[in-house]
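Since the structure comes first, as structure tokens, the remarks are kept for the end.
The values are calculated or read from the model by the stated rules, or taken from the named source; none is laboratory data. Everything quoted here is computed from the prediction, not taken from an experiment. Don't worry about glycine lacking a Cβ; one is built from the backbone with ideal geometry, like all the others, and counts go over all protein chains shown.
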Amino acid sequence: MTRSGRLAGAGAVVRRRLLIAVPVLAATSVGMFALGAASPVDPAKQYAGAAAFTASEENLAQLRANWGIDDPLPVQYLRWISNLVQGDLGWSTSRHEPVASVLAARAGWTLLLIGVSLALVLVASLLLGALAAYRRGGVFDRALRAAAYAVQSMPVFWLGLAAIAVFALALGWLPAGGLTDVTATSTSWSDVAHHLILPVGVLAVSQAPWFVLFVRDAVAESMRDDHVLAARARGLPGRTVLFGHALRTALLPFLTLVGTHLPELVGGAVLVETVFSLPGLGAVTVAAALGSDFPLLAAITLVTTAVVLAANLATDLAYAAADPRVRLDG
Amino acid sequence: MADLAARPPLLRVARSRLRLRSGRAGAVAAGLVLLVAVAGSLLAPLVWPLDQSAVALDQTRLAPSWAHLAGTDDLGRDVAHRAVYGLRVSLLVGAVAALVATVLGGVVGGIAGTLGGRVDRILMRIVDTIAAMPHLLLGIFIVAMLRPSLGAVIASVGLTHWLSTARIVRSELLSLRTRPFVDAAISGGAGRLRVLTRHLLPHVLPRLALATTLMIPHAVWHETALSFLGLGLPPHLASLGNMINDGQGSLLTGAWWASLAPGAVIVVVTLAIAVLAARWRDRLDPRIRAELHL
């Protein structure tokens, strides 16, 4: 297929994806809104907090009228969703500020945590998985797989607490939480980096098993491909065969699967942030959940989903562009 | 790989025998762990009753000893004792939630797999889109709106974990539909319903049971994660997630057992389930076993 032909194909793929994603997201938002409406929590009292006990019924009624809570539900839904589409994410009742500014202030730290962990996981899993596949069934392969299964059964927050107990408390090497030293008056990058070693390490280790096992299986498979056998037959050194030939074949499908694993990383980041008291989206999500803050929770969930969908689409398109044999079926 | 190919076949057979036997020992150990866990959580109220609200403020944060196998927490409660009850709640929630997810996934996957064609394409695209939602966030949303309770946690786990089951059932049905015995049944005059119930379902059910079993650890993690965040089961209730959450303060003062011991229970039990499920999968699909033990 010509280059322009493939680009046109990409346009069709984007259209088809949107054709499904938009209705599904819309249906999800209806479901979420219905759940929010069925919630037994009164948003006006929630917003007023302790003042709800002393506030007069008129004041509360005024609040409800201002927000249009007494309007029919479909009207409320349409108002919410049309604001959302226009970029107005609403007003967070638990933090008393616009949802958009909460996200803007917090999302950066979460993205940093996820980004660095993901980079670490990718490098480590490609290296370890390929080495394990080189001698399948060997000592290293079996040890790595046993370790992967063991780590896979550890909840990430437990792993985080264990890491704190060992590295922060018993050995005293690293800080147990937060982003800066308690005594620090300003944020310096070296301080932040020092505080992020444990959270990033814990998130990376907890996510690694899935990636390592996948790379190991894929490389083991491609070790039997004709072109790898041919490379061996030409007498190329083992390292060249493994990384230059076998791993390269296994690399592309792996990259598209990274996109599908993103939701797990987001969930892991929420828990890791809570364990290490980091000021990312995790802490606000939990606070919002405790306060039944519908606008903030719904926005976080829908926005992250949209980001993950976009990332999936991007990796799939990159895959199709890099490998001309691949055809995306929608 | 070259040395493997050069090895005499007899040795390879012996090695794979050995591997199988060591796998069996692991499976037996896992089975014992699971047996103890299930029996313990079923019999606990009869053998070792627990007063959920009892505290002993003169015995706080005692290190593990013979009197308190896993020490005591910041309110002087015996960690091992509460962990047994925590496991009981976690396994109950995990099993019920896994069943909910299996029914949901089975229905969606069943419809996609039996009807095929356009319905299948659209349903699976919908499943892919929902899979892009971080399920912990969706779970947190559901719990936050329904207020934390046992039912909310089960709903939260069940509604977020059915996707993989739907995919498994659907692909199994699609591959079964092309088999000769299905053609034979249809040409023998069997109706759609009869083909489904007599010929397709008996093949799908073992897979479905395996998927349910494999989902229990995920459901347990999800439940403990919600409880750990303070969004799951009521805080006074001994659940593994609540205990890990409660123990965080003790951990920072050096009493690591209050948090780490309940977590270790989760790790051991989920590992046991994973080992047994892997063995079960090998039996269902001998081709994979042959590959694994090559």
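General observations
- Considering the stretch B:233-277, and only residues there that are in a helix (DSSP H, G or I), over 23 Å from the mean Cα position of the chain (by Cα) and not acidic (Asp, Glu), the residue that is nearest to B:Asp73 (Cα to Cα) turns out to be B:Ala258.
- Annotation note: Cβ proximity below 7 Å between a residue of the stretch A:190-209 that is within 18 Å of A:Tyr149 (Cα to Cα) and a residue that is of a type in the set (S, T, N, Q) (sequence gap 6+ or interchain) occurs for A:Leu203/A:Ser117; A:Ala204/A:Ser117; A:Gln207/A:Ser117; A:Ala208/A:Ser125; A:Pro209/A:Gln152.
- In the condition set (1) farther than 26 Å from A:Leu296 by Cβ; (2) surrounded by 18 or more Cβ atoms within 10 Å (Cβ to Cβ); (3) within 14 Å of another protein chain (Cβ to nearest Cβ), B:Thr114 is compliant with all but (3).
- Residue match in the stretch B:129-150 (condition: away from chain A (no Cβ under 14 Å) and either crowded, with 20+ Cβ neighbours inside 10 Å or among the aliphatic types (A, V, I, L, M) (or both)): yes
- Taking the conditions (1) over 30 Å from A:Pro175 (Cβ atoms); (2) more than 9 Å from chain B (Cβ to nearest Cβ); (3) touching a residue at least 40 places away in the same chain (Cβ under 8 Å); (4) of a type in the set (Ser, Thr, Tyr) in turn, A:Ser277 satisfies each one other than (1).
- Residue pairs meeting the criteria (Cβ under 9 Å; at least 6 apart or on separate chains; first on the phi > 0 side of the Ramachandran plot and within 7 Å of chain B (Cβ to nearest Cβ), in the stretch A:287-309; second of a type in the set (A, V, I, L, M) and not in a helix (DSSP H, G or I)): A:Ser292/A:Val41
- Hits in the stretch A:45-81 - residues which are aliphatic (A, V, I, L, M), under 32 Å from the mean Cα position of the chain (by Cα) and at pLDDT below 70: none
- Number of the condition not met by A:Ala130 [criteria: (1) closer than 30 Å to A:Val241 by Cβ; (2) of a type outside the set (Asp, Glu); (3) without any contact (Cβ under 8 Å) to a residue 60 or more places away in the chain; (4) touching a Leu at 6+ places or on another chain (Cβ under 6 Å)]: (3)
- Of all residues making up the stretch A:81-99, the number that are in contact (Cβ under 8 Å) with a residue 60 or more places away in the chain and part of a helix (DSSP H, G or I): 2
- Close Cβ contacts (under 7 Å, 6 or more residues apart or on different chains) running from residues in the stretch B:227-256 that are more than 9 Å from every other protein chain (Cβ to nearest Cβ) to residues that are among the acidic types (Asp, Glu) comprise B:Gly232/B:Glu223; B:Asp246/B:Asp73; B:Gly249/B:Asp74; B:Ser250/B:Asp73; B:Ser250/B:Asp74.
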